[in-house]
Amino acid sequence: MIRLKPNLIHLSLFFFLIAGLWLPLSSWVNPPKAGSPNVVVFFIDDLGYGDLSCYGASGYTTPNLDRMAAEGTRFTSFLAAQAVCSASRAALLTGCYPNRIGISGALGPGSPVGLNPEEETIAELLKEKGYATGIFGKWHLGSQKEFLPLQQGFDEYYGVPYSHDMWPLHPNQARANYPPLHLMEGNTPGKEVKTLEDASDLTTSITEKAVGFIRKHKKQPFFLYVPHPLPHVPLAASGRFRGKSGAGLLGDVMLELDWSVGQILQELKQQRLDKNTLVIFTSDNGPWLNYGDHAGSAGGFREGKGTSFEGGHRVPCIMRWPGVIPAGRVCNKLLTTMEILPTVATLCGARLPKNTIDGVDMMSLLKGDETANPRDHFYYYYRQNSLEAVRKGDWKLVFAHPGRTYEGFLPGKGGQPGPNTETHEFPTALYNLRRDPGERYDVREQNPDIVAALEKLAEEARNDLGDDLQKRKGQHVRPAGRVASK
């Protein structure tokens, strides 16, 4: 057998190269897959357009969200798909007008209706691509087991199944007869939320669960959905924030929500994930104004939650992705929560749902293409399926309809609601939102051509989705999920 002498020079070079390459090689362990960025979506309950300091809030500041806006893009004409809880959430997760998929209003405990399992959510589409999927917060798309998050594409779920005012302490409990409210862990009811002190832990516990999810799945792509239940009433802040804002309980709640965003952004940075993560912060609808000092601000827009005026639909939206989304930009283009699904699908390499959706891909605009105009128009539906307004560009045509108004009523105080009406008769009116964002001056007579164009768009909506105001059935609507009768 021939024995070769070791070549010391070659060995030295070999070990030198290994030592020199070790540091960069170590950073390549479990790298994110190309085309597989993480996605974090904050969906805050009843947060008004004017409730963040970067959108004009006064009396308190939201420094983490202000910094997020400085590092990303702040949107000024971003709309919730419908100005009420369940419908708005259905639109975000499916990319559809909620009336297209049979969801309306705010589903109560034990409702036989929920998001149809035949509809495909963002979570389901990303799960196909190997994403871990988690929701920590408020669900409100059906509290029956077949409608809960684990049956709609999510791997993990912690939070409340519906609004946390749907509990025995509700002001109208004698009429509503709400059952006990339990936090959910997956499909299993957990701790009962009995008191406001219990509710004061919601923001903290949800944040801790979300941070834990990031740590657990840092080596694979993930979709993290954080629909915080607050500042929907009843307001509650933890001891660390109670009394700290100097702006009452609402200010304290806002400080804690801002802290939550900061904790999650900090965890992304600590895990070296922030440059591979799209973070979206927005709200499900405008503020519930008849709660007075416990309600947020619509930022000068007309009306609030439960209306088809801008105060009900227009919400703050901030998107951040360092190196991809331009920093410090303000975008005034018309966009909606329905755009999130197709945009996320594009950037994550996922397919679109098999059924028709209404959202449009805004990826080119998100990356800084100022010539892009992904959304041309928007339909303001409310109640079961009433087309109350239509918008194209800066023009908005409101149709005659009965609806909610807060105007003319003294708001409540200290957590008790003031009165309002659901039967105010609003007249047909045309508004130019650039000149008249408060929707006060009807300019139909000066702009008959604009009215005709918007009426034509409305007819397309009525044929497609229907319109209860005209007793019209849509041709392309799909049923909500419904519990099989026993």
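The values are calculated or read from the model by the stated rules, or taken from the named source; none is laboratory data. Please read these numbers as outputs of a predicted model, since none were measured by experiment. Ideal geometry is used to build each Cβ from the backbone, glycine not excepted, and the neighbour counts take in all protein chains shown. Protein only, heavy atoms only, side chains kept; ligands, DNA and RNA dropped before computing areas. Shrake-Rupley method; radii C 1.70, N 1.55, O 1.52, S 1.80 Å.
Just one of LYS275, LYS269 is within 18 Å of GLY72 (Cα to Cα), among the charged types (D, E, K, R) and either without any contact (Cβ under 8 Å) to a residue 40 or more places away in the chain or touching an Asp or Glu at 6+ places or on another chain (Cβ under 8 Å) (or both); which is it?
Details: LYS275 fails: either without any contact (Cβ under 8 Å) to a residue 40 or more places away in the chain or touching an Asp or Glu at 6+ places or on another chain (Cβ under 8 Å) (or both).
On inspection, the qualifying residue turns out to be LYS269.
May I ask you to list the residues in region 313-322 that are more than 11 Å from GLY72 (Cβ to Cβ) and either open to solvent by less than 10 Å² (accessible area, probe 1.4 Å) or over 17 Å from the mean Cα position of the chain (by Cα) (or both)? Walk me through how you get there before you give the answer.
Of region 313-322, the ones more than 11 Å from GLY72 (Cβ to Cβ) are 313-316.
Answer for region 313-322, where residues must be more than 11 Å from GLY72 (Cβ to Cβ) and either open to solvent by less than 10 Å² (accessible area, probe 1.4 Å) or over 17 Å from the mean Cα position of the chain (by Cα) (or both): HIS313, VAL315, PRO316.
Residue pairs, Cβ under 6 Å, 6 or more apart or interchain, first in region 155-178 and open to solvent by 60 Å² or more (accessible area, probe 1.4 Å), second of a type in the set (S, T, N, Q). List them.
Matching pairs, first to second residue: ASP155/THR133.
Do you know which of the residues in region 251-284 that are out of contact with any strand residue (DSSP E or B) (no Cβ under 6 Å at 6 or more places or on another chain) and of a type in the set (Gly, Ala, Ser) is surrounded by the fewest Cβ atoms within 10 Å (Cβ to Cβ)?
Only one residue fits best here, namely GLY262.
If you go through region 419-432 one residue at a time, do you hit one that is in contact (Cβ under 8 Å) with a residue 60 or more places away in the chain, part of a loop (DSSP other than H, G, I, E, B) and open to solvent by less than 40 Å² (accessible area, probe 1.4 Å)?
No.
Looking only at region 285-312, filter to residues that are in contact with a strand residue (DSSP E or B) (Cβ under 6 Å, 6 or more places away or on another chain) and assigned to a loop (DSSP other than H, G, I, E, B); which one of those is most open to solvent (accessible area, probe 1.4 Å)? Walk me through it before giving the result.
First pass over region 285-312, keeping only residues in contact with a strand residue (DSSP E or B) (Cβ under 6 Å, 6 or more places away or on another chain): 292-293, 301, 306-308.
Now drop any that are not assigned to a loop (DSSP other than H, G, I, E, B), which leaves 301, 306-308.
Working: PHE301: 32, GLY306: 2, THR307: 4, SER308: 4 Å².
Here the residue is PHE301.
I need a count of the residues in region 187-234 that are in a loop (DSSP other than H, G, I, E, B) and free of Cβ contacts under 8 Å to residues at least 40 places away in the same chain.
First, pick out the residues of region 187-234 that are in a loop (DSSP other than H, G, I, E, B): 187, 193-195, 200-201, 217-221, 227-234.
Right, trim to free of Cβ contacts under 8 Å to residues at least 40 places away in the same chain and you get 193-195, 201.
Total satisfying the criteria: 4.
Regarding LEU410, is this residue modelled with pLDDT of 95 or more, open to solvent by 70 Å² or more (accessible area, probe 1.4 Å) and among the hydrophobic types (A, V, I, L, M, F, W, C)? Working first, answer last.
Working: modelled with pLDDT of 95 or more: yes; open to solvent by 70 Å² or more (accessible area, probe 1.4 Å): yes; among the hydrophobic types (A, V, I, L, M, F, W, C): yes.
So LEU410 passes the test.
Of these, VAL344, VAL330, which one is open to solvent by 30 Å² or more (accessible area, probe 1.4 Å) and either touching a helix residue (DSSP H, G or I) at 6+ places or on another chain (Cβ under 9 Å) or under 30 Å from PHE409 (Cα atoms) (or both)? Reasoning before the result, please.
On the way: VAL344 fails: open to solvent by 30 Å² or more (accessible area, probe 1.4 Å).
Among VAL344, VAL330, only VAL330 is open to solvent by 30 Å² or more (accessible area, probe 1.4 Å) and either touching a helix residue (DSSP H, G or I) at 6+ places or on another chain (Cβ under 9 Å) or under 30 Å from PHE409 (Cα atoms) (or both).
Within region 97-117, track down each residue that is assigned to a loop (DSSP other than H, G, I, E, B) and surrounded by 24 or more Cβ atoms within 10 Å (Cβ to Cβ). Let's see the steps before the verdict.
Kept after step one, since they are assigned to a loop (DSSP other than H, G, I, E, B), are these residues of region 97-117: 97, 102-112, 115-117.
TYR97, ILE103, LEU107, LEU115, listed by residue number.
Looking at LEU65, LEU150, LEU93, can you tell me which residue is outside any loop (DSSP other than H, G, I, E, B) and surrounded by fewer than 24 Cβ atoms within 10 Å (Cβ to Cβ)? Let's see the steps before the verdict.
Values: LEU65 fails: surrounded by fewer than 24 Cβ atoms within 10 Å (Cβ to Cβ); LEU93 fails: surrounded by fewer than 24 Cβ atoms within 10 Å (Cβ to Cβ).
None of the others qualify; the one that does is LEU150.
Which numbered condition in (1) farther than 20 Å from LEU341 by Cβ; (2) open to solvent by less than 50 Å² (accessible area, probe 1.4 Å) is the only one that ALA123 fails?
Among (1) farther than 20 Å from LEU341 by Cβ; (2) open to solvent by less than 50 Å² (accessible area, probe 1.4 Å), ALA123 violates only (1).
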